[in-house]
Every structure is written in structure tokens, then in C-alpha cells.
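K.L.:
First, the structure itself, so that you have it in front of you.
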Amino acid sequence: MFFFIGGIQPKTILVDKQARSCSACGHFEVYLKRVDHYLSLFLIPLFPVKKGTPFLICENCKTVLDGQGYRLDAEQALAEKRCLHCGRHIDPDFTFCPSCGKAL
């Protein structure tokens, strides 16, 4: 009998190692990251399937910024909820992020 354990899994990648300043708290540890999806075999990521959109995330206050470093407006934040860990758009009813699997 042969079992195939595989699938697609997300992986957060550091795009740029240059630290930036956070517009929310002023801390100087904001990095450009991206969530890519990989085809995995036995939980080992093998081939990239889809590249995500870049986003900035503060390591201190966990504020997620868009690629240019601007925070979302309050109206936009209510309309489109984002994960605090990976920055992906999620449904407001979710309690876990479908991209990275972390609790919201």
C-alpha cells in the first residue's frame, strides 16, 4: 500500500532585509515580507506555486502596512480585514487565518 502525503502550504518569506520605521509605533523593525504558496511532499516545500503580494509588518506592534508603507484607513480596515501575522485579506467571520493558520 502506498500513501501520498502532499498539498499546498503557505510560507512567509522575507523579501527585503532592510529595516524601515513603523508609522504606528515608530519602532525601526518593519520588514517587507510575502506569503508564497508551495507544493509540498511529506510536509517539505518543493516547488513555488503562487507568489503573494508584498506587505510590511512591524515586529513590535504587529501592524500590517501595504507595500508602500501606508496603514489602511479605518474604513478600509473594517471593509477588508487583514491577518496580523501574514497580512492577507480574510473574511471578518474567521477566527483563524486560512493562509497562515494562526489565530486572529
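The values are calculated or read from the model by the stated rules, or taken from the named source; none is laboratory data. Keep in mind it's a predicted model, so treat the numbers as computed, not measured. Quick reminder, even Gly has a Cβ in these numbers, built from the backbone with ideal geometry, and neighbours come from all protein chains shown.
K.L.:
What number of residues within the stretch 88-104 satisfy the criterion of being assigned to a loop (DSSP other than H, G, I, E, B) and under 20 Å from LYS33 (Cα atoms)?
P.N.:
Residues in the stretch 88-104 being assigned to a loop (DSSP other than H, G, I, E, B) and under 20 Å from LYS33 (Cα atoms): 8 in total.
K.L.:
Filter the stretch 40-68 down to the residues that are part of a strand (DSSP E or B) and surrounded by fewer than 17 Cβ atoms within 10 Å (Cβ to Cβ) and list them by number. Walk me through it before giving the result.
P.N.:
Of the residues in the stretch 40-68, the ones part of a strand (DSSP E or B) are 40-41, 44-50, 55-58, 64-65.
Within the stretch 40-68, LEU41, ILE44, PRO45, LEU46, PHE47, PRO48, VAL49, LYS50 meet the criteria.
K.L.:
Next question, about the same structure. Keeping to the stretch 28-43, report how many residues are farther than 19 Å from ASN60 by Cβ and touching a residue at least 24 places away in the same chain (Cβ under 8 Å).
P.N.:
Residues meeting the conditions: 9.
K.L.:
Looking at the stretch 16-45 only, could you name the residues that are in contact with a Leu (Cβ under 9 Å, 6 or more places away or on another chain) and under 30 Å from ILE5 (Cα atoms)?
P.N.:
LYS33, ARG34, TYR38, LEU39, SER40, PRO45, listed by residue number.
K.L.:
While we're here: If a residue must be closer than 20 Å to HIS89 by Cα, modelled with pLDDT of 90 or more and in contact with an Asp or Glu (Cβ under 9 Å, 6 or more places away or on another chain), how many such residues does the stretch 34-59 contain?
P.N.:
Of the residues in that region, 3 qualify.
K.L.:
VAL30 passes all but one of (1) buried (at least 17 other Cβ atoms within 10 Å of the Cβ); (2) out of contact with any Lys or Arg (no Cβ under 8 Å at 6 or more places or on another chain); (3) not aromatic (Phe, Trp, Tyr); which number fails?
P.N.:
Checking VAL30 against (1) buried (at least 17 other Cβ atoms within 10 Å of the Cβ); (2) out of contact with any Lys or Arg (no Cβ under 8 Å at 6 or more places or on another chain); (3) not aromatic (Phe, Trp, Tyr), the one that fails is (2).
K.L.:
Look through the stretch 1-27, keep the residues that are closer than 15 Å to GLY87 by Cβ and free of Cβ contacts under 8 Å to residues at least 24 places away in the same chain, and return whichever of them is surrounded by the most Cβ atoms within 10 Å (Cβ to Cβ).
P.N.:
So, considering only residues that are closer than 15 Å to GLY87 by Cβ and free of Cβ contacts under 8 Å to residues at least 24 places away in the same chain, the one surrounded by the most Cβ atoms within 10 Å (Cβ to Cβ) is ILE13.
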